[in-house]
Amino acid sequence: MRPVAITGIGCVGAAGAGVAPFAAALEEHLGGAAPPAPSERVETIRGQARDLKLSRIAPFDRERYLPSRKLRRMGELSQVWVIATMLALEDAARPTPDPCPPDRRGTYLGTGFGCTQTTWEYLDGMLRDGAGMANPFQFSESVANAPAGHSAIELDTRGASVTLTCGDASAAASVSLAARAIRDGRIDMAWCGGVEMFSEPLLRILATVGTPSHLGEGCVCFLLEALDSARGRGARIYAEVAADTTASDPSAGAAEWSCDQTLIASTMRRAATGAEARTVFLHAPGSPAADQAERRAAADVCPQARLFETTSMSGSLSAAGGFNLAAAALHVSRRSAPLTLVNASSWGGSLFTIALRPV
């Protein structure tokens, strides 16, 4: 089995487009100097009003990355994801033309809610004007795997193209699946990560079910390569994806994160594979019971580890959990921590832990 390395990161979020703005915002956050997220008043589906902190994607020039004719053929979620994949490729400094054959490249996208804005506009038009007037473009862009399809075309990846919908653990699920494909020799490189954006209808629903008070949107894409290949071309390597584990808590409700401390600890312990983790990036979804269970589990498994979280910076559900993984990869690359664990969880009880280590 081949070791897997993270060689590129592409971020699109409240800090801007690119890994550098995100890294700067992360340093401010970890140093306690980050500004608070702005609040928006959201009306629930019951007509009540609720104040939510929302970390939205900062405006940026999308035509810098894609021509207008291509942007017109993509929905919002597809635009953001494709741009993030291009940013990850640029960050990885792959040679041009790329020697990796297209059928040895894969795309693994994670999104919890998918293209809700496009779906809403499509259904609204169909119900208002009749099925005969339904917009075919909006239909094709309403499915959750539309962004992955666009990026596969743009990047000429002809290997696996997979979209995973695992709530705010979707980014971790995509990284896990991509890393396993490279380890097993099925592909040599992969773009993977998560994307999430909030349409008005989705925000109204989330406000109604009582989500955490701070939500975030954005996109993070990682470029994974076989470690020997990355070393061979002299690539800058953020971290090795050393291990990944998954679990499921059947007691968690449809709109609840796992509060099972024992199960969370077991998932983390298996990812550590006997090594001592000195750093843990907590998922910290914003649910008091789930947050407490996760912290206790981390203290049990890694009693000497420093605990970090990025939820208070980027918000819950942001980039389908991708920002936490990006923060951990940057931390490993800059501080050479022996082993770093990154937790991810989602509604319905899905649990992931990914172990990163320096190269």
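The values are calculated or read from the model by the stated rules, or taken from the named source; none is laboratory data. What you see is a predicted model, and the numbers here were worked out from it, not measured in a lab. Heads up, the Cβs are rebuilt from the backbone with ideal geometry, glycines too, and the neighbour counts pull from every protein chain shown.
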* Taking segment 94-119 as the region of interest, how many residues are assigned to a helix (DSSP H, G or I) and β-branched (Val, Ile, Thr)? -> 3
* Asked: Name the pairs: first residue in segment 59-81 and of a type in the set (Asp, Glu), second residue not in a helix (DSSP H, G or I), Cβ to Cβ under 9 Å, at least 6 apart or on different chains?
  -> Asp61/Ala17; Glu76/Cys115; Glu76/Met197; Glu76/Ser199
* Structure fact -> The one condition Ala58 fails out of (1) among the small types (Gly, Ala, Ser); (2) assigned to a helix (DSSP H, G or I); (3) surrounded by fewer than 17 Cβ atoms within 10 Å (Cβ to Cβ) is (2)
* What's the number of the condition Gly253 fails, among (1) buried (at least 20 other Cβ atoms within 10 Å of the Cβ); (2) closer than 19 Å to Ala320 by Cα? -> (1)
* Asked: Hey, Phe22 hits all of (1) within 19 Å of the chain's Cα centre (by Cα); (2) crowded, with 17+ Cβ neighbours inside 10 Å; (3) part of a loop (DSSP other than H, G, I, E, B) but one; which does it fall short on?
  -> (3)
* To do: Please list, ordered by first then second residue, the pairs with beta carbon atoms under 9 Å, 6 or more apart or interchain, first in segment 176-205 and assigned by TED's automatic domain parsing to the domain that holds Gly110 and closer than 18 Å to Pro102 by Cα, second at pLDDT below 90 and not hydrophobic (A, V, I, L, M, F, W, C).
  => none
* Residue match in segment 189-206 (condition: modelled with pLDDT under 95, assigned to a loop (DSSP other than H, G, I, E, B), among the small types (Gly, Ala, Ser) and out of contact with any helix residue (DSSP H, G or I) (no Cβ under 8 Å at 6 or more places or on another chain)) -> no
* Restricting attention to segment 160-179, does a residue exist that is closer than 15 Å to Arg104 by Cα, among the hydrophobic types (A, V, I, L, M, F, W, C), buried (at least 24 other Cβ atoms within 10 Å of the Cβ) and touching a strand residue (DSSP E or B) at 6+ places or on another chain (Cβ under 8 Å)? -> yes
* Hey, does segment 272-286 have a residue that's of a type in the set (Gly, Ala, Ser) and under 20 Å from the mean Cα position of the chain (by Cα)? -> yes
* Asked: Residue check: is Gly125 assigned by TED's automatic domain parsing to the domain that holds Ala169, among the small types (Gly, Ala, Ser) and modelled with pLDDT under 95?
  -> yes
* Is it true that Val143 is touching an Asp or Glu at 6+ places or on another chain (Cβ under 9 Å) and aliphatic (A, V, I, L, M)? -> no
* Asked: Counting just the residues of segment 270-312 that are without any contact (Cβ under 8 Å) to a residue 24 or more places away in the chain and of a type in the set (Gly, Ala, Ser), which one comes out surrounded by the most Cβ atoms within 10 Å (Cβ to Cβ)?
  -> Ala299
* The listed residue being of a type in the set (Asp, Glu) and within 30 Å of Phe198 (Cβ to Cβ), out of Glu294, Glu276 -> Glu294
* Would it be correct to say that Val42 is at pLDDT below 95 and within 26 Å of Ala144 (Cβ to Cβ)? -> yes
* **Of all residues making up segment 157-184, the number that are more than 17 Å from the chain's Cα centre (by Cα), outside any helix (DSSP H, G or I) and among the hydrophobic types (A, V, I, L, M, F, W, C)** => 1
